[in-house]
Amino acid sequence: MKFIISFFCIVICLVSECINVQARDISHDMKAVWMPCMSLQLSENERSEDGFRRKASEMINKCAENDINTVIVQVRPFSDALYNSEYFPSSHVLTGVQGGDIGFDALEIIVSLAHEKDIAVHAWINPLRIGIGSVPDKLSPDNPYMKWKNDDIPENDCYTFTCDNGLYYDPSYPEVRRLIINGVRELAENYDIDGVQIDDYFYPDDNDTSDIQSYEAYKKSLAEGCIPLSHHEWRKNNINMLVSGMYSAVHSSGKNAVFGISPQGNFDNDEILCADIKSWCRFRGYADYICPQLYVSNEHPIFPFESLADEWKSFVGESDIRLYYGLALYKLGTDADGGTWRPDTTEKQKKYSEKADGYMLYSYDYL
């Protein structure tokens, strides 16, 4: 089993070597902020190009005033798009209803405004999530999930699964991976973005029932005598194939964009979500940068910030993958982490990030 996984990693590395494109050199002094889709949400009287342009302009100006050099903009939160997409319907964030007529390209506006201020833009997507609870409250008929559900092809009804209160794409199917990778490719090819980033949502948890049908199909597909991967390792392999495909889509676009991953800062949690941190940090072909979400105080009783940051730095080691620290700007001015969040905690963590290649702040609303 270890041989199979190692062989897969080697193949991915060789494929990445064959991509004939020079990636943009990522800043060694990253000062970024995440812009979640909620920050971009338009009220009813703002739903116009002028309304969005005013809102986006105010946001970019505030970033420039706060010495931010990169914005990480959430453009695909729920199998939808805050841009013109061939594969996903428009997001309810801009129209109030998924699939509504936006009438303008939000991402294009943000990129134009940001670049005027010499601020880079990374398009942030959630690859697998279709919906959580009642968000969005209704899926568009153009949503891939709805298309599969309403057509006459029974084979594609298993391309998604539910878990707890969420609906997700199943990355074990090549057709699903192709959909998500094509969505990344259109971003890299059609927009003057500086990067694409995925966040920390992979498999929703570690229960063995939500995708058991596809796992059983995988085992049946093996030749006689082949030993199947465990369910958990099989899931990790599915995510690795998806991640490497997105990386390749960005780098084969002919643009100088980069691909990054922002996993959880807790290694055990990443393992539960089937995020293969070891491979992503050490092998080429998965990511240009890693930004763990180190949302803990310097005196956290279990995960003190500096110790966790140093562990991530040793994890990346001597590889050419850039390392940024994700910082919890939202805790500034609170008594979070058992009262250990001090007034100067954020500034100290920003200073400590000089040991890496910079930092990313969560989130814009707390600037």
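The values are calculated or read from the model by the stated rules, or taken from the named source; none is laboratory data. Note that this is a predicted model, so its numbers are computed, not measured. We place every Cβ from the backbone using ideal geometry, glycine too, and count neighbours over all the protein chains shown. Heavy atoms of the whole protein, side chains included, go into the accessibility calculation; ligands, DNA and RNA do not. Shrake-Rupley method; radii C 1.70, N 1.55, O 1.52, S 1.80 Å.
Listed by first and then second residue, the pairs linking a residue in the stretch 67-84 that is within 19 Å of CYS291 (Cα to Cα) to a residue that is of a type in the set (S, T, N, Q) and part of a strand (DSSP E or B), with Cβ atoms under 7 Å apart and 6 or more places separating them unless they lie on different chains, are ILE72/GLN197. The set of residues in the stretch 109-140 being among the basic types (Lys, Arg) and within 18 Å of the chain's Cα centre (by Cα) consists of ARG129 alone.
Each row is one residue, and each column tells you yes or no for (1) out of contact with any Asp or Glu (no Cβ under 8 Å at 6 or more places or on another chain); (2) among the small types (Gly, Ala, Ser).
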| position | (1), (2) |
| --- | --- |
| LEU242 | yes, no |
| GLY265 | yes, yes |
| LEU273 | no, no |
| ILE277 | no, no |
| TYR295 | yes, no |
| SER307 | yes, yes |
| ASP320 | yes, no |
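Would a scan of the stretch 226-248 turn up a residue that is among the hydroxyl-bearing types (Ser, Thr, Tyr) and over 24 Å from GLY317 (Cβ atoms)?
Taking the stretch 226-248 and keeping what is among the hydroxyl-bearing types (Ser, Thr, Tyr), we get 230, 244, 247-248.
Of the ones still in play, those that are also over 24 Å from GLY317 (Cβ atoms) are 230.
The answer is yes; a qualifying residue exists.
Residues that are open to solvent by 30 Å² or more (accessible area, probe 1.4 Å) and among the β-branched types (Val, Ile, Thr): does the stretch 124-137 have at least one? Scanning the stretch 124-137 turns up at least one residue that is open to solvent by 30 Å² or more (accessible area, probe 1.4 Å) and among the β-branched types (Val, Ile, Thr). For the stretch 170-229, give me each residue that is open to solvent by 20 Å² or more (accessible area, probe 1.4 Å), closer than 30 Å to MET35 by Cβ and modelled with pLDDT of 95 or more. Selection gives ARG177, ARG178, LEU179, ILE181, ASN182, ARG185, GLU189, ASN190, ASP192. Which members of the stretch 184-216 meet the condition of being of a type outside the set (D, E, K, R), out of contact with any Lys or Arg (no Cβ under 7 Å at 6 or more places or on another chain) and in a helix (DSSP H, G or I)? Hits for the stretch 184-216 are VAL184, LEU187, ASN190, ILE212, GLN213, SER214, TYR215. Consider the stretch 149-161 and keep the residues that are open to solvent by 40 Å² or more (accessible area, probe 1.4 Å) and under 25 Å from GLY100 (Cβ atoms). The one that is nearest to the chain's Cα centre (by Cα) is LYS149.
Results for (1) in contact (Cβ under 8 Å) with a residue 60 or more places away in the chain; (2) open to solvent by 10 Å² or more (accessible area, probe 1.4 Å); (3) assigned to a strand (DSSP E or B); (4) within 18 Å of THR70 (Cα to Cα), shown as yes or no for each residue.
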site	(1), (2), (3), (4)
ALA275	yes, no, no, no
ARG284	yes, yes, no, no
ALA287	no, no, no, yes
SER307	no, yes, no, no
ASP310	no, yes, no, no
PHE315	no, yes, no, no
SER319	no, yes, no, no
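The lone criterion from (1) more than 30 Å from ARG284 (Cβ to Cβ); (2) in a helix (DSSP H, G or I) left unmet by GLY333 is number (2). Among helices (runs of 4 or more DSSP H) entirely within the stretch 68-160, having at least 2 residues that are out of contact with any Lys or Arg (no Cβ under 7 Å at 6 or more places or on another chain) and over 30 Å from MET30 (Cα atoms) singles out 144-150.
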